[in-house]
Amino acid sequence: NPHIPPTAPPPQYRPSRPSDSSNASWTRDTTSEAIRAFQAYDLDRSGSISVYEFYQILQHIGNDVEWETSAAMFAAIDINGDGKISQQEFIECYKANFCRGYN
C-alpha cells in the first residue's frame, strides 16, 4: 500500500442536493458550486486533486472505502490519466453526479 499522508483539515464545503432530482438541471450557479467544491477539496492549493487528497476527501465525507477502491474511483475521474484530477475533470464528474441527483 502506498503511504497515505496524515489527515488534512476537512474541506469546508458540503454540496446540496437538488430538491427534485428528476428535474435537476445544470446551471451557472451549479458550475459555481462545483468550482467552490473543487477549490475546497484541492487541499494543497496546487490546482488539481491528487489521489491522496481524493482519498482524504472520501474519508471526510463518510465514504469509508479502502485505498484500492479510492484509487480505482480516482482513475475513473482522471480522464486524461495524468495522475491528477483537474478542475474540468472534477466539474464533469460533479455534473454527472448532479444530473443523477447524487451530489
field: Members of region 80-94 found to be of a type outside the set (Gly, Ala, Ser) and not in a loop (DSSP other than H, G, I, E, B), listed by number
entry: Ile85, Gln87, Gln88, Glu89, Phe90, Ile91, Glu92, Cys93, Tyr94
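If I filter region 47-57 down to residues being in contact with an Asp or Glu (Cβ under 8 Å, 6 or more places away or on another chain) and not in a loop (DSSP other than H, G, I, E, B), which single residue comes out as surrounded by the fewest Cβ atoms within 10 Å (Cβ to Cβ)? Outline the logic, then answer.
Going residue by residue through region 47-57, those that are in contact with an Asp or Glu (Cβ under 8 Å, 6 or more places away or on another chain) are 48-50, 53.
Going one step further and asking which of them are not in a loop (DSSP other than H, G, I, E, B), we end up with 48-49, 53.
On the way: Ser48: 17, Ile49: 24, Glu53: 21.
Ranking the qualifying residues of region 47-57, first place goes to Ser48.
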message: Filter region 25-46 down to the residues that are assigned to a helix (DSSP H, G or I) and either at pLDDT 85 or above or among the β-branched types (Val, Ile, Thr) (or both) and list them by number.
response: Thr30, Thr31, Ser32, Glu33, Ala34, Ile35, Arg36, Ala37, Phe38, Gln39, Ala40, Tyr41
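Within region 26-46, can you find the residues that are of a type in the set (Gly, Ala, Ser), within 12 Å of the chain's Cα centre (by Cα) and surrounded by fewer than 17 Cβ atoms within 10 Å (Cβ to Cβ)?
Result: Ala40, single match.
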- line: Ser22 meets each of (1) among the hydroxyl-bearing types (Ser, Thr, Tyr); (2) at pLDDT below 50; (3) under 20 Å from Ser86 (Cα atoms); (4) assigned to a helix (DSSP H, G or I) with one exception, condition (3)
query: List, please: which pairs have Cβ atoms under 6 Å, are six or more places apart or on different chains, and start with a residue in region 59-82 that is of a type outside the set (A, V, I, L, M) and end with one that is in a loop (DSSP other than H, G, I, E, B)?
result: His60/Pro10; Trp67/Asn1
field: All positions within region 80-103 that are open to solvent by 30 Å² or more (accessible area, probe 1.4 Å) and at pLDDT below 85
entry: Lys95, Ala96, Asn97, Cys99, Arg100, Tyr102
query: Take the residues of region 68-79 that are open to solvent by 30 Å² or more (accessible area, probe 1.4 Å) and part of a helix (DSSP H, G or I): which is farthest from Glu89 (Cα to Cα)?
result: Glu68
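The values are calculated or read from the model by the stated rules, or taken from the named source; none is laboratory data. What you see is a predicted model; the values in this text were computed from it and never measured. Cβ coordinates were reconstructed from backbone atoms using ideal geometry, including for glycine residues, and neighbour counts include every protein chain displayed. These area figures cover heavy atoms from the full protein model, side chains too; ligands, DNA and RNA do not enter into them. Shrake-Rupley method; radii C 1.70, N 1.55, O 1.52, S 1.80 Å.
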